[in-house]
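In what follows, a structure is listed as structure tokens, so that the remarks can point back to it.
Computed from the coordinates by the stated procedures, all read-outs in this text should not be read as laboratory data. Owing to the predicted nature of the structure, the values given are computational and were not obtained by experimental measurement. Here Cβ is always computed from backbone atoms with ideal geometry, including for glycine, and neighbour counts include all displayed protein chains.
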Amino acid sequence: MGLNSFWRRFWSALSGSKHLIAIDLGSANTTIYLANHGIVLTEPTVLAQDVKNEKVVAIGETAKQMLGRTPDHIQIIRPVNQGVVSDPTLLEIYLKHLIDQAVDKIGYGQSAGFVAVVTIPSGATQVDSRALQQLLFKIGASKVFLLPQIYAAAIGAKIPFRDIRGQMIVQLGESSTEIGVFSLSNTVYLETLPIGGAKFTQNITQAIRDEFNLLIGATTAEDAKIRVLANSTSSSSLTLSREKQSVMIRGRDLNTGLPRTIQIDQSLIQEAIAKDLVEIASTIKKCVEGLPPEIAVDIHDNGINLSGGGALIADLDDVVTRFLETNVVVVSDPITAVIRGCGAVVENIPLYQDILQNYTL
């Protein structure tokens, strides 16, 4: 009773704060959500830095467009690796820029004193967590709460993780895939695989090189992956592609050294990522086989939920279904599930106090 009363008073104080901000900090993209406004912006987690004077010359989408096109003294840097901070100095610049931009976008003036809920990988160490929180304090946060990504995905997908019956969600991100099983708010099973969108892109790049002796950049490979494996239906969502797709791509011929255009079809890309998809499905199967019988039955009855950008890969749900012989569902708008969950938490922190990490200055 006393603890709940404390949180109610604490939330009342926070609710009067100038800004309540949710941040999905990803290796590929970072998304900002403002309380009562929803998702405000998404930018690639990338900066361009001039190594001669260490000045940042571009941030986000502008920096990403420079990949493969910069002179030697301009470096393209990703300040987040495997979901954790790899370059604190540049990440500080990056996040300050994004938060100020988001706040300015809705006409709220200065961002100082904001309260943040930020996603972290489920396997993040205490050192990683403290480093991220201290960084946010440096750029003006008054309170910082960390939310494990697998919980954010479950909340965003409206999965009843507090229910006594077991629930499973698989979050397929850029650098990793997280598999979580919940019961009564606890993670009965949690595993992280080092397989995600970045590895798919690397495999596609290598497959095209092996098949056509053509060298392509990461941006070209990523674009081909998205265009071949999923169809864009709007600016904010994608749907699974069930029809055979093909795409024209350009790269440098390794024999002649000259640009060349080729056409690749869906089968080449599917084969390039097939081994990784099978490993994901096999790990999910092992997870279910190791669960207590009652929870395993719950998962079979409730089905398996797929979220994240990787959930959009054509036929992934069919692959998992064949392995487990159970229903597999791609959650609504899987790309934004994590940030929607993080946003729901920042708008009602007391309701989720039991799953949040919080350190004081």
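Counting only other residues whose beta carbon sits under 12 Å from that of residue 248, what net charge do I get with K and R as +1, D and E as -1?
Details: positive: 227, 250, 260; negative: 223, 265.
Net charge around residue 248: +1.
Please find the FRET efficiency linking residue 112 to residue 210, where r is the Cβ-Cβ separation and R0 is fixed at 45 Å, and quote it to the nearest 0.05. Don't jump to the answer; show the numbers that get you there.
On the way: r = 52 Å, r/R0 = 1.16.
After rounding to 0.05, the efficiency reads 0.30.
Can you list the HN-Hα couplings for the range 66-78, worked out from phi with the Karplus curve (6.51, -1.76, 1.60; θ = phi - 60°), rounded to whole Hz and with x for Gly and Pro?
3J(HN,Hα) across the range 66-78, in whole Hz: 7, 3, x, 10, 9, x, 4, 7, 9, 10, 9, 10, 9.
With the convex hull built on the Cα atoms of the range 58-154, state its orientation-averaged projected area in nm². Please report the intermediate quantities before stating the final value.
Details: hull surface 30.2 nm².
It is 7.6 nm².
For residue 51 and residue 219 in one chain, what is 0.36 nm times their gap in residues minus the Cα-Cα distance, to one decimal in nm? Numbers along the way, then the final one.
On the way: separation 168, 0.36 × 168 = 60.48 nm, distance 2.25 nm.
Gain on extension, residue 51 to residue 219, equals 58.2 nm.
In terms of Cα to Cα distance under 18 Å, which aspartates and glutamates are near enough to residue 286, apart from those fewer than 8 places away along the same chain?
178, 191, 276, 294, 298, 301, 317, 318, 325
Need one number: nm distance between label points at residue 325 and residue 271, each 7 Å from Cα along Cα→Cβ, rounded to one decimal.
That separation, rounded to one decimal, is 3.1 nm.
Quick one: the Cα spread of the chain along its three principal axes, in angstroms, biggest first?
Over the chain, Cα extents along the principal axes are 73, 59, 35 Å.
Report the calculated FRET efficiency for residue 289 and residue 126 (r = Cβ-Cβ distance, R0 = 25 Å), to the nearest 0.05. Mind showing how you got there, number by number?
Details: r = 31 Å, r/R0 = 1.25.
Result of the calculation: an efficiency of 0.20.
Given 64/138; 64/158; 55/275; 158/285; 55/105, which pairs have Cα atoms separated by over 30 Å?
Working: 64/138 26 Å; 64/158 32 Å; 55/275 41 Å; 158/285 23 Å; 55/105 25 Å.
Distance filter (> 30 Å) returns 64/158; 55/275.
As a test, work out the antiparallel percent of DSSP beta bridges whose residues both lie in the chain, rounded to the nearest 5.
Values: 48 of 65 bridges.
Around 75 percent of the beta bridges assigned by DSSP in the chain are antiparallel ones.
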